[in-house]
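Engineer: Quick one: the structure is below, and I'll ask about it shortly.
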Amino acid sequence: MKSIRLRNVSKSYGATPVLSGINLQIEPGEFIVLLGPSGCGKSTLLNIIAGLEDPSGGQLLIGDRDVTTAEPADRGLAMVFQSYALFPTMRVRDNLTFGLRIDRTPRAEIEKRLKWVSELLQIEGLLDRKPGQLSGGQRQRVAIGRALIRSTDVCLFDEPLSNLDAKLRTETRVEIKKLHRDLGTTIVYVTHDQVEAMTMADRVAVLSGGKVEQYDTPQAIYDKPMTRFVAGFLGSPSMNFLSGTVVAENGLRLVRDGGDLDLSGYDVANGTPAGEAELGIRPEALRLTAPEAGRLRARVESIDLMGADRILWMSVDGRLWSVRVERDRACREGEEIGLDFSATAASLFSRDTGARF
Ligand SMILES: Nc1ncnc2c1ncn2[C@@H]1O[C@H](COP(=O)(O)OP(=O)(O)O)[C@@H](O)[C@H]1O
Ligand SMILES: [Mg+2]
């Protein structure tokens, strides 16, 4: 188990900046997810930690050691790629032990670790097959096994589940989480899938445009997004937004054409809220009321049945909103409703900077 520290890491390809000012402190044994949309720089950052890419600036420490310029093989880490990257002509057992054989590990030790890892991942029955004779899920297990067998302090995963179908993805997700609990390895895991991030991570670093938007526990990121980007990126359906002007005299208010909204009780995170703003409210933080009784008014445009609950879709100030309601709540398309919410469950962002007020 080792810590990882990134200090002001940047990366440019030619004149194009891909990462800038990345500062992350990863504690020993932590499971960190790098989350963000495609192209935001997740793989580049992971490859810099792995030593497969050189940073353009900044410093990288693993444990107490500065490994900014160290060779990949000399960093004490293992990596699992999206493509699995197994050797197609080698049997599973040879794929698993390849790294150990390169390292000239004694034969008895190799056998011992092979037994351990194949039992752990339940692939004992597959050892004499070639990758082409395995299903996607089995190949992924072998790829994970090949990383674990070297008993490294740090394990890096780059979208390892994205080639699996939904059911297998969920199962493998639970398995990786369990492996982490059992082994205690420090894990950095890249994904664009917010469900993977929310369910697996101790802490999530949300990336956008090569910068860390927020680095915190999944719950904190969901409950208290610090930027407008994070607020919109996490949650399904996503957070509902409303524009207006914040005024902080005589209590906090959002002034808008459709009437002022009283935001007293809002837990201000930064400075004195003022100016153009966006108010964000999650679909499950809204309550239905009689049309005149709510703070907002809308007409239900369509209803999605989700099994356990239902999502009502409507337009508020010309923007698409969703409200999550219990499956038993009577409602129909075309119905006029009122919406209520508590300011404590709302988020407020500056329109200029995107930062949370
Ligand atoms: N070798 C490269 N040369 C030039 N641009 C690159 C190279 N690798 C990645 N990029 C660019 O860097 C950005 C981040 O890429 P990447 O780290 O792969 O994103 P992600 O993994 O989040 O999808 C993208 O815009 C990509 O086009
Ligand atoms: Mg990537």
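The values are calculated or read from the model by the stated rules, or taken from the named source; none is laboratory data. This is a predicted model, so every value here is computed, not measured. Cβ: placed from backbone, ideal geometry, glycine included. Neighbour counts: every protein chain shown. In case anyone asks, the SASA skips ligands and DNA or RNA and just uses the protein heavy atoms, side chains included. Shrake-Rupley method; radii C 1.70, N 1.55, O 1.52, S 1.80 Å.
Engineer: Does His180 satisfy the condition of being in contact with a Ser or Thr (Cβ under 8 Å, 6 or more places away or on another chain) and closer than 23 Å to Leu161 by Cα?
Structural biologist: It is false that His180 is in contact with a Ser or Thr (Cβ under 8 Å, 6 or more places away or on another chain) and closer than 23 Å to Leu161 by Cα.
Engineer: Going through the stretch 197-228 one residue at a time, which ones are within 14 Å of ligand 1 (Cβ to nearest atom) and either aromatic (Phe, Trp, Tyr) or part of a helix (DSSP H, G or I) (or both)?
Structural biologist: Ala197
Engineer: Among the residues of the stretch 273-287 satisfying the criterion of being among the aliphatic types (A, V, I, L, M) and more than 17 Å from Asp317 (Cα to Cα), which is surrounded by the fewest Cβ atoms within 10 Å (Cβ to Cβ)?
Structural biologist: Applying the first criterion (among the aliphatic types (A, V, I, L, M)) to the stretch 273-287 yields 274, 277, 279, 281, 285-286.
Adding the requirement that they be more than 17 Å from Asp317 (Cα to Cα) leaves 274, 285.
Values: Ala274: 13, Ala285: 18.
Once the filter is applied, the top-ranked residue is Ala274.
Yes/no matrix, rows are residues, columns are (1) within 25 Å of the chain's Cα centre (by Cα); (2) assigned to a helix (DSSP H, G or I); (3) away from ligand 2 (no atom under 16 Å from the Cβ):
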residue: Ser10; (1), (2), (3): yes, no, yes
residue: Glu53; (1), (2), (3): yes, no, no
residue: Met79; (1), (2), (3): yes, no, no
residue: Phe87; (1), (2), (3): no, no, yes
residue: Met90; (1), (2), (3): no, no, yes
residue: Asp94; (1), (2), (3): no, yes, yes
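Engineer: What number of residues in the stretch 1-18 are surrounded by fewer than 16 Cβ atoms within 10 Å (Cβ to Cβ) and either in contact with a helix residue (DSSP H, G or I) (Cβ under 7 Å, 6 or more places away or on another chain) or of a type in the set (Val, Ile, Thr) (or both)?
Structural biologist: 1
Engineer: Of the conditions (1) open to solvent by less than 80 Å² (accessible area, probe 1.4 Å); (2) at positive phi; (3) without any contact (Cβ under 8 Å) to a residue 60 or more places away in the chain, Gln122 fails just one. Which one is it?
Structural biologist: (1)
Engineer: Name the single residue that is nearest to Gly354 (Cα to Cα) among those in the stretch 234-264 being in contact with a helix residue (DSSP H, G or I) (Cβ under 8 Å, 6 or more places away or on another chain) and open to solvent by 50 Å² or more (accessible area, probe 1.4 Å).
Structural biologist: The residue in question is Ser238.
Engineer: Take the stretch 184-205 and flag every residue that is surrounded by fewer than 16 Cβ atoms within 10 Å (Cβ to Cβ) and either within 14 Å of ligand 2 (Cβ to nearest atom) or farther than 22 Å from Pro237 by Cβ (or both). Can you show your working first?
Structural biologist: Taking the stretch 184-205 and keeping what is surrounded by fewer than 16 Cβ atoms within 10 Å (Cβ to Cβ), we get 184, 195, 199, 202.
Matches in the stretch 184-205: Gly184, Asp202.
Engineer: So in the stretch 141-160, with the set limited to residues that are in a helix (DSSP H, G or I) and of a type in the set (Val, Ile, Thr), which one is nearest to ligand 1 (Cβ to nearest atom)?
Structural biologist: Per the criteria, the residue is Ile144.
Engineer: Something else: Give just the number: which of (1) open to solvent by less than 30 Å² (accessible area, probe 1.4 Å); (2) away from ligand 2 (no atom under 13 Å from the Cβ); (3) at negative phi; (4) in a loop (DSSP other than H, G, I, E, B) does Gly29 not satisfy?
Structural biologist: (3)
Engineer: Please state which one of Asn95, Asn23 is open to solvent by less than 70 Å² (accessible area, probe 1.4 Å) and of a type outside the set (A, V, I, L, M, F, W, C).
Structural biologist: Asn95
Engineer: Of the conditions (1) within 16 Å of ligand 1 (Cβ to nearest atom); (2) open to solvent by less than 40 Å² (accessible area, probe 1.4 Å), Asn163 clears all except one; give me its number.
Structural biologist: Answer for Asn163: the failing condition is (2).
Engineer: Would you confirm whether or not the stretch 201-215 contains a residue that is of a type in the set (Phe, Trp, Tyr) and in contact with a Ser or Thr (Cβ under 6 Å, 6 or more places away or on another chain)?
Structural biologist: No - not one qualifying residue is present in the stretch 201-215.
Engineer: Name the single residue, out of those in the stretch 34-61 being away from ligand 1 (no atom under 14 Å from the Cβ) and open to solvent by 10 Å² or more (accessible area, probe 1.4 Å), that is nearest to Arg150 (Cα to Cα). It would help to see each step written out before you state the result.
Structural biologist: Step one: list which residues in the stretch 34-61 are away from ligand 1 (no atom under 14 Å from the Cβ), which gives 51, 57-61.
Okay, now just the ones that are also open to solvent by 10 Å² or more (accessible area, probe 1.4 Å), so 51, 57-59, 61.
Details: Gly51: 17, Gly57: 30, Gly58: 28, Gln59: 26, Leu61: 20 Å.
Among those that are away from ligand 1 (no atom under 14 Å from the Cβ) and open to solvent by 10 Å² or more (accessible area, probe 1.4 Å), it is Gly51.
Engineer: So, in the stretch 14-33, of the ones that are small (Gly, Ala, Ser) and modelled with pLDDT of 95 or more, which residue ends up farthest from ligand 1 (Cβ to nearest atom)?
Structural biologist: Checking each candidate, the answer is Gly29.
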